[in-house]
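Before any comments, here is the structure.
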Amino acid sequence: MNLQNTVALVTGGASGLGEATVRRLVAGGAKVIIADLNTEKGEALAYELEEQLKTLRRSIAQLNALELKRPSLFSLKAVKNYSKKAKHHCEMLFRLSQ
């Protein structure tokens with residue numbers, strides 16, 4: 001689900017179904033406002049998600065850098081190394097997106 005141009009307000013967003021909703025919306029690319037009586041937990045969730053997004057951005061940048069350094073198709077060793085690196089970064093992006 002692509003939510004790049006979406007802004008959402010999630011009441012009760014710091015725990016339970018609200019937290020799950022916040023996580024899904026953020027994973028889809030939405031900007032989310034977390035509204036909850038438990039402000040400490042809401043702020044902790046926002047910080048956690050921001051750290052995950054920073055890691056995701058770094059991983060995407062690293063993956064893009066790999067794209068710029070495509071191996072020669074004549075070197076089987078280079079292709080294998082490239083594949084291992086790309087697989088590692090793709091797995092990381094997948095884990096962060098869940």
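Each reported figure results from applying straightforward, stated rules to the coordinates on display, with no laboratory input. Remember, it's a predicted structure, so these values are computed and weren't measured experimentally. Every residue, glycine as well, gets a Cβ built from its backbone with ideal geometry; the counts of neighbours run over all protein chains shown.
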Additional length obtainable on full extension of the chain from SER83 to ASN2, 0.36 nm per residue less Cα span: 26.4 nm
Reachable lysines from LYS77, criterion Cα separation under 25 angstrom, eight or more residues apart if same chain: LYS69, LYS85, LYS87
Approximate spin-label separation ALA35-LEU17, in nm, with each point projected 7 Å along Cα-to-Cβ: 1.7 nm
Taking SER15, SER83 and counting other C-beta atoms within 10 Å, the order from fewest to most: SER83, SER15
